[in-house]
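Comments concern the structure below.
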Amino acid sequence: NENVRQAAEIEQLNVDLTAANQKITNLEAYTRRDNLIIDGLQLSNAAEAVTTPTGNESTDGSGEHAACTEKVVLDLFQNQLTLPISSSDISIAHRLRRNPKSNGPPPVIVRFSTRKARDTVYAARMQLRNSRNKIFINEDLTSTAASLFFQARKLVSQKKIYKAWTNKGDVYIKLSDSTSAKPKLVRTLNDLPPVD
């Protein structure tokens, strides 16, 4: 009887732990909703970085101050994407640590003051597809969502699914290009076809 009681208690604890982990993941995703990550955005020139006021030094080793980073970001939004985004729409923009495997500039994380501004930029990101500079604007995903999205993109490259994308921190897939095929929300690896 004691073993049965303990087994039931352990099972309940596992259910509670799973629910708690899901709440933490949801909360983390919510806090990232106002962010976008920009890859491939070149560093500001050295002369400009030196004349930027101190106190906003980067911690990524790039030497670029947050004020310079914001200026480069605004230039992208206003001149390349032709969006009416101003400094007041950006809460903070700074470089992330450089990936040791990457030769390019460190990515930039931008936290927007309003979700409306963030969504405007994210919707306009497709304009960069034909850009000479390889610049990509992505959502700031949790590690779980990033891992799922990586697997989903693998399936797209293997032609096992038609399309994969993220929206508001969630991963979606479309199994075929048929108009009757509906987007499917991906919460776990079990929601995806097996990867080779």
Leaving out ligands, DNA and RNA, what percent of the accessible area of the chain is carbon and sulfur, probe 1.4 Å? 52 percent
If r is the Cβ-Cβ distance from residue 15 to residue 79 and R0 is 41 Å, what FRET efficiency results, to the nearest 0.05? 0.20
Just the number please: accessible area per residue for the chain, 1.4 Å probe, all protein chains included, in Å². 64 Å²
The helix 66-75 Cα axis meets the longest alpha-carbon principal axis of the chain at an angle in degrees, between 0 and 90 and rounded to 10, of 90 degrees
Report, to the nearest 10°, how far helix 2-31 tilts away from the longest principal axis of the Cα atoms in the chain, using its own Cα long axis and a range of 0 to 90°. 20 degrees
When all protein chains stay in place, what accessible area (Å², nearest 10, 1.4 Å probe) is found for residue 149? 40 Å²
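Taking 45 Å as R0, compute the FRET efficiency from the Cβ-Cβ separation of residue 6 and residue 167 and round it to 0.05.
Details: r = 43 Å, r/R0 = 0.96.
Calculated transfer efficiency: 0.55.
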Straight-line reach from residue 23: which lysines fall under 20 Å, measuring Cα to Cα and dropping same-chain residues less than 8 apart? 168
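With runs of 4+ DSSP H residues as the only contributors, calculate the mean residue ellipticity of the chain at 222 nm using -39,500 (n - 2.57) per run, divided by the residue total and rounded to the nearest 500.
Calculated at 222 nm, the ellipticity per residue is -11500 deg cm²/dmol.
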Spin-label pair residue 160/residue 124, simplified geometry with 7 Å Cα→Cβ offset, distance in nm: 3.8 nm
Candidates [x] 57, 41, 27; [y] 54, 35, 24; [z] 75, 46, 34; which is the computed Cα extents along the principal axes in Å? [z]
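The values are calculated or read from the model by the stated rules, or taken from the named source; none is laboratory data. It should be emphasised that the depicted structure is a prediction, and the values quoted were computed from it without experimental measurement. Here Cβ is always computed from backbone atoms with ideal geometry, including for glycine, and neighbour counts include all displayed protein chains. Just the protein is used for accessible areas: all its heavy atoms, side chains included, with ligands, DNA and RNA removed. Shrake-Rupley method; radii C 1.70, N 1.55, O 1.52, S 1.80 Å.
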